[in-house]
Amino acid sequence: MREFVERGGALLVFNEATAYAIERLNLPVDNTLENVSKDRFYSPGALLDTEVDLAHPLNFGMQPRQAVWFESGPAFRPAFDRSGPAPASVLRYPGSDVLASGWLLGEEIIAARSAVMDAPIGRGHVVLFGIRPQY
C-alpha cells in the first residue's frame, strides 16, 4: 500500500478501515473516538453537519456546509508528534450544533474534528473517511 501511494496513488479508506491505514502507513492522524466508551459517545446513525474546505479539490462543487451520514465511525485530528507533511481536513464538524438529524451522544468529543482527512505520502495521498460517503 505504501509503495502504491508514494508513487502517486490515491488510497480511499472508509469508516473502521481507517484505523488499519493509520496504523499500517503510520499516518500523522489520530482517531479522537478511539477508546471512547459508548456511554460517552454514541451515534448509531445520524446526519451530522460539516464545514467544507472549498479550496480542497475533493470538495469541488460542494456547498460551504454539508450534512453527512455518520454511523459509528471515527473522527480525526492531526497527530503532531509524527514527522512528514501535515494532513488536511477536508470536511470538519463545526465547533457546536453538530447534529443535523438523528441521535448523537457526546457531540463535544467530535466538535471541531475532521470527518474526512487527506494525508499526503510521497507523491500520493490517503483519504480517510470517518463518514459513509456511499450513502
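Structural remarks
- Scanning the stretch 71-110 for residues that are in a strand (DSSP E or B), of a type in the set (F, W, Y) and at pLDDT 95 or above turns up just one, F76.
Yes/no per residue for (1) more than 16 Å from R77 (Cα to Cα); (2) part of a loop (DSSP other than H, G, I, E, B); (3) hydrophobic (A, V, I, L, M, F, W, C); (4) touching an Asp or Glu at 6+ places or on another chain (Cβ under 7 Å):
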site: V5; (1), (2), (3), (4): yes, no, yes, no
site: A19; (1), (2), (3), (4): no, no, yes, no
site: E23; (1), (2), (3), (4): no, no, no, no
site: V36; (1), (2), (3), (4): no, yes, yes, no
site: S43; (1), (2), (3), (4): yes, no, no, no
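- Condition met for L54 (open to solvent by 90 Å² or more (accessible area, probe 1.4 Å) and either more than 14 Å from Y93 (Cα to Cα) or in a strand (DSSP E or B) (or both)): yes
Residues are listed down the side, and each one gets a yes or a no for (1) farther than 21 Å from R123 by Cα; (2) open to solvent by less than 20 Å² (accessible area, probe 1.4 Å); (3) in contact (Cβ under 8 Å) with a residue 60 or more places away in the chain:
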site	(1), (2), (3)
A10	no, no, yes
L27	no, yes, yes
S37	yes, no, no
R65	yes, no, no
F70	yes, yes, yes
R92	yes, no, no
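- For the stretch 40-47, the condition of being more than 28 Å from F4 (Cβ to Cβ) and either touching a Lys or Arg at 6+ places or on another chain (Cβ under 7 Å) or hydroxyl-bearing (S, T, Y) (or both) holds for at least one residue.
- Filter result (within 24 Å of P28 (Cβ to Cβ), open to solvent by less than 40 Å² (accessible area, probe 1.4 Å) and either of a type in the set (G, A, S) or in contact with a helix residue (DSSP H, G or I) (Cβ under 7 Å, 6 or more places away or on another chain) (or both)) within the stretch 99-114: A111, S114
- Any hit, the stretch 115-127, residues being more than 22 Å from G9 (Cβ to Cβ) and either in contact with a helix residue (DSSP H, G or I) (Cβ under 9 Å, 6 or more places away or on another chain) or open to solvent by 70 Å² or more (accessible area, probe 1.4 Å) (or both): no
The values are calculated or read from the model by the stated rules, or taken from the named source; none is laboratory data. All values derive from a computational prediction rather than experimental measurement. We place every Cβ from the backbone using ideal geometry, glycine too, and count neighbours over all the protein chains shown. For the accessible areas, the whole protein counts, side chains as well, though only heavy atoms, and no ligand, DNA or RNA atoms are used. Shrake-Rupley method; radii C 1.70, N 1.55, O 1.52, S 1.80 Å.
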